[in-house]
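A short write-up of the structure that comes next.
The values are calculated or read from the model by the stated rules, or taken from the named source; none is laboratory data. The structure presented is a predicted model; accordingly, all values stated were derived computationally and were not measured. Note that we place each Cβ from the backbone using ideal geometry, even for glycine, and neighbour counts take in every protein chain shown.
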């Protein structure tokens, strides 16, 4: 070692020890002779040979390991957990807009045309309808209830539809109905959880979280999974509906407000400049990095990523959510009025977000729980208002997506969490003041439109009363498997190790891709 | 025979004696050529030594010019003296190798133009080698003749060796892993990206080949041909593998392919090995196809009651999830992977493969908005032909990018929504014969481009909302029903 540079007197102990170490290493290297070299070379080559020669005997084990590890790899650079990954196979759908009608709209007042039920309106419900069934409120012998609204056929597809959705009915040729959806939950919160997370219990990741985990998101300046609420109340399932469950929390949905700041406290407080904000974040980042280096908790990385995204969002989110930026005629098409917290505004925002590469957009519109307990819940009053609130915006969203060519690779899903009974609700066995229906988990209708879905068709069928499925039942997990297939995944392969299981969205029961509705 | 003739014969007796075995080999080749049938085991056993022995004469022949050249220097002149010996040895070795080669070719089930070429190449090498030896020994005064025949011998060795390599390692064994840049310069096409498609109107093309494509070709395809079997083309299916044909037309009992896919998954002979068994419908389809004569011309709907048939009422085609073979994907991507990685680093999140099993690219520049311009797009030239979906919505690209876009020859979807693109770009996109969806929403494009656009053969959707294209202009012509306003 020839380097005998004078050290500053106040050199730290760590530096000294490092130098001693490198000095020792060089001395050791100098002690190496040609004989050492030849000996290492000889034995080294020999070891290499033996290693490769013996490797073949280890093969059976290796083969086993490989067939086991057919699982897909979703690991990413920890500093960009939302970065894009290609799907398993070529996907028809790049983004999803899920319009969840919280409270479960009555299919019998919208899409299920049942003339026989109308004919028997007011008759006592047959006993076979009640045997072995549990209801939320119906008791005793309820009366059958025909549709409250007239039906007519529209479009080339000849779908039947009631008169409540005059705007949407112009788009039925782009829509695929599943009239044989089924669930095993008859209360709102668990049923909504089942629809959105594939499981009726708390703690499971939302569909949107799985999608973000699977393919990430394109626009790193916006959350990849955005939730917008309207209807005056949060859905019964609460924030669990867009939680990331056991997936890293960076994949959870971000609830945005449709007026004001999209996310509360997103803007800098008065007197704080963007550069000051940047410096502050850099300092916090440094501390968080140290924490991560010490404890290795991925949630720390999530936190860093969230801070960074919030910083980038300050520019882009405000712009994306600002429907003032849309021309007046577009706003009019949706019936959107800036400043309101309405489904119309949310639909317009959803289109703007979809354009900007947001992967999963969830809209909840509350107020469909038409039991008939009060005017707001009455099929002939509040229900009609809900229809008015969603009809025009939904139609405008479909039209807009179609016109902009986005319906090619966007999947729009519309539906509630279960259906409603063909019997009139009779709370406590009494005839009620308003007309309503109870929950029916046995059959309900949802519709899909967009990429990869056959337009203008109906899948599945219920009996003449619209009470039970008679053809092609579709479970929630089947719907999920189908949606994942459209997004380019085998639902068995999109999984995450948790509690000793390869967890997946469709859970443990076999799920089927509903190939009949695929274009 | 004349006196000088006899003298010549005397003089060359040894040489002619040497040529005798060569003539015998030639006679064997002419009268008993390789015909694709397998023969006696011992002959195959001996024949298998051909690839081993053949390197001996190759090395010897190549040594001769080296010795000749180096021997020009006085201090190495002794090398030249050994050239005669080398050539003699080479001739003997070449004769032996040719004989073994015939054994292999005749008995090992070989046939085809490659074999014929390699075979005659080998004979010519042996002959030229012998002639070199003779001319070296006897006509040492004629340096030129010797030089020329030596050069011919070397060239023949190279050509024959290449053909032999093609026989054992595949037709493109030298260029298979050629870097994309070099490939481009030399104009060598990439076989792996060009795929042969069966006619979708035949039963084979519509029903059978897709099953092979989804379930078999990851091992028995262009990149791997396990058991020497290729199921990616009809010819490959009918040719069979190392154990002979796997499909016997009309004979479902004798078709090994059908037997193997119908076995229980834990059987030793089960195929696809280590993967999920084919569904009963898939097996049934293949059985019906073989039973009907295993033809590649039989019309799509000529077999009645085939499973999953649209004519059969209640059969529903279940979704088969395509298998991904990471190794095959890596090979497919090898030509563009470095360039893609570079671009992904420069432009994060806008360029990616269409899927984990694909080498096609998806470019979504709309995420960058106005920050993405013509100069940025120009950098994608190297991967342009692999881009199948390109979204330039709201970017600041202009007509200057027309050339780059026109180079994306495999584009299926092109989105120019809300860009400054004008008719000039659209007029130049005639080469995009795969284009299915063209989005011009919110551009200044006018009806003048419609004739050019209507010539795109696969176009199914044209988005012309908020453009200067008028509804009246598309009422007639090829675009009617395809335009969305």
Quiz item: Taking segment B:356-387 on its own, how many of its residues are within 22 Å of residue B:433 (Cβ to Cβ), out of contact with any helix residue (DSSP H, G or I) (no Cβ under 9 Å at 6 or more places or on another chain) and within 9 Å of chain A (Cβ to nearest Cβ)?
Solution: 1
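Given the criterion at positive phi and surrounded by 15 or more Cβ atoms within 10 Å (Cβ to Cβ), identify the matching residue among A:155, A:122.
Among A:155, A:122, only A:155 is at positive phi and surrounded by 15 or more Cβ atoms within 10 Å (Cβ to Cβ).
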Self-check item: Options A:330, A:358; residue that is within 14 Å of another protein chain (Cβ to nearest Cβ), out of contact with any helix residue (DSSP H, G or I) (no Cβ under 6 Å at 6 or more places or on another chain), part of a loop (DSSP other than H, G, I, E, B) and touching a residue at least 24 places away in the same chain (Cβ under 8 Å)
Solution: A:358
Exercise. For segment B:451-485, enumerate the residues that are away from chain A (no Cβ under 14 Å) and touching a strand residue (DSSP E or B) at 6+ places or on another chain (Cβ under 8 Å).
Key: B:453, B:456, B:468, B:474, B:479
Quiz item: Looking at segment A:494-519, which of the residues that are out of contact with any strand residue (DSSP E or B) (no Cβ under 8 Å at 6 or more places or on another chain) and over 27 Å from residue A:177 (Cβ atoms) is nearest to the other protein chains (Cβ to nearest Cβ)?
Solution: A:508
Exercise. Just need a number here: residues in segment A:389-425 that are part of a loop (DSSP other than H, G, I, E, B), in contact with a strand residue (DSSP E or B) (Cβ under 6 Å, 6 or more places away or on another chain) and more than 14 Å from chain B (Cβ to nearest Cβ).
Key: 3
Quiz item: Inside segment B:66-79, can you point out the residues that are part of a helix (DSSP H, G or I), surrounded by 15 or more Cβ atoms within 10 Å (Cβ to Cβ) and modelled with pLDDT under 90?
Solution: B:68, B:79
Self-check item: Tally of residues being closer than 16 Å to residue A:217 by Cβ and crowded, with 22+ Cβ neighbours inside 10 Å across segment A:245-261
Solution: 5
Practice problem: Report yes if residue A:75 is more than 12 Å from chain B (Cβ to nearest Cβ), modelled with pLDDT under 85 and out of contact with any strand residue (DSSP E or B) (no Cβ under 8 Å at 6 or more places or on another chain), otherwise no. | Solution: no
Quiz item: Within the bounds of segment A:456-474, is there any residue that is at positive phi and surrounded by 22 or more Cβ atoms within 10 Å (Cβ to Cβ)?
Solution: yes
Quiz item: For segment B:264-355, list the helices (runs of 4 or more DSSP H) that sit wholly inside it and hold at least 1 residues that are over 27 Å from the mean Cα position of the chain (by Cα) and within 14 Å of chain A (Cβ to nearest Cβ); which are they?
Solution: B:280-291, B:337-346
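Might you check whether a residue that is in the same structural domain as residue B:402 (by TED's automatic domain parsing), surrounded by fewer than 20 Cβ atoms within 10 Å (Cβ to Cβ) and part of a loop (DSSP other than H, G, I, E, B) occurs anywhere in segment B:443-452? Break it down stepwise before answering.
In the first step, residues of segment B:443-452 are kept if they are in the same structural domain as residue B:402 (by TED's automatic domain parsing); the result is B:443-452.
In the following step, the residues that additionally are surrounded by fewer than 20 Cβ atoms within 10 Å (Cβ to Cβ) were identified as B:444, B:446-448, B:451-452.
Keeping just the survivors that are part of a loop (DSSP other than H, G, I, E, B) gives B:444.
Among the residues of segment B:443-452, at least one is in the same structural domain as residue B:402 (by TED's automatic domain parsing), surrounded by fewer than 20 Cβ atoms within 10 Å (Cβ to Cβ) and part of a loop (DSSP other than H, G, I, E, B), which makes the answer yes.
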Self-check item: Index of the failed condition, residue B:297 passing every other in (1) at positive phi; (2) exposed (fewer than 15 other Cβ atoms within 10 Å of the Cβ)
Solution: (1)
Quiz item: Listed residues A:199, A:221; which is touching a residue at least 60 places away in the same chain (Cβ under 8 Å) and more than 30 Å from residue A:457 (Cβ to Cβ)?
Solution: A:221
Quiz item: Of the residues that make up segment A:188-207, is at least one within 14 Å of chain B (Cβ to nearest Cβ), crowded, with 21+ Cβ neighbours inside 10 Å and outside any loop (DSSP other than H, G, I, E, B)?
Solution: no
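Report the residue count in segment A:90-131 for those that are within 14 Å of another protein chain (Cβ to nearest Cβ), touching a helix residue (DSSP H, G or I) at 6+ places or on another chain (Cβ under 9 Å) and assigned to a loop (DSSP other than H, G, I, E, B).
Residues that pass the stated criteria total 4.
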Self-check item: Failed condition for residue A:484, given (1) crowded, with 20+ Cβ neighbours inside 10 Å; (2) away from chain B (no Cβ under 14 Å); (3) out of contact with any strand residue (DSSP E or B) (no Cβ under 8 Å at 6 or more places or on another chain)
Solution: (2)
Quiz item: If you go through segment A:468-503 one residue at a time, how many are in contact (Cβ under 8 Å) with a residue 40 or more places away in the chain, within 23 Å of residue A:249 (Cβ to Cβ) and either in a strand (DSSP E or B) or not assigned by TED's automatic domain parsing to the domain that holds residue A:209 (or both)?
Solution: 5
